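This report concerns only the one structure given below.
The values are calculated or read from the model by the stated rules, or taken from the named source; none is laboratory data. It should be emphasised that the depicted structure is a prediction, and the values quoted were computed from it without experimental measurement. Glycine gets a Cβ as well: all are built from the backbone with ideal geometry, and neighbour counts include every protein chain shown. Heavy atoms of the whole protein, side chains included, go into the accessibility calculation; ligands, DNA and RNA do not. Shrake-Rupley method; radii C 1.70, N 1.55, O 1.52, S 1.80 Å.
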Amino acid sequence: VTDRIKSEPDSVSITADYTVEGKTNIFVNSTGGDVTVTLPDVLDSKDRLIRIKKTVAASNVVIDGYSSNTIDGATTKTMADQYDCMVVLCDGTQWNIISHYEP
């Protein structure tokens, strides 16, 4: 996992819906309304680690599994509070929440 993280572009700040491609760290400003972050397909993401942080108190950030992919058994997870942070790791069959900080 460490080699993969080092080789990927590091971070991106977003204000609108976003499909994760190469970024490892995603900072989300949801001032303009709910923002959906769609994770990559689990079939192409084994051992991939992604960190998502909500940077404002405004609308929700929805983490969406690609197509019918799941995140700890659910197709979506929602972050509602400013500074919420979620770290997910793919095991090749689903995304697993490794850490979820809610202030």
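Name, by its number, the condition in (1) open to solvent by less than 70 Å² (accessible area, probe 1.4 Å); (2) assigned to a loop (DSSP other than H, G, I, E, B) that does not hold for residue 52.
The number of the failed condition is (2).
What single numbered condition from (1) over 20 Å from residue 10 (Cα atoms); (2) open to solvent by less than 40 Å² (accessible area, probe 1.4 Å); (3) in a loop (DSSP other than H, G, I, E, B) fails to hold for residue 40?
Exception for residue 40: condition (1).
Please name all residue pairs, on different chains or six or more residues apart, with Cβ atoms under 8 Å, provided the first residue is in region 33-44 and is within 27 Å of residue 82 (Cα to Cα) and the second residue is among the acidic types (Asp, Glu) and modelled with pLDDT of 95 or more.
Note: pairs meeting the criteria are 35/17; 36/17; 36/64; 37/17; 37/64; 38/17; 38/64; 39/64.
What do you reckon, is residue 58 open to solvent by less than 60 Å² (accessible area, probe 1.4 Å) and free of Cβ contacts under 8 Å to residues at least 24 places away in the same chain?
no
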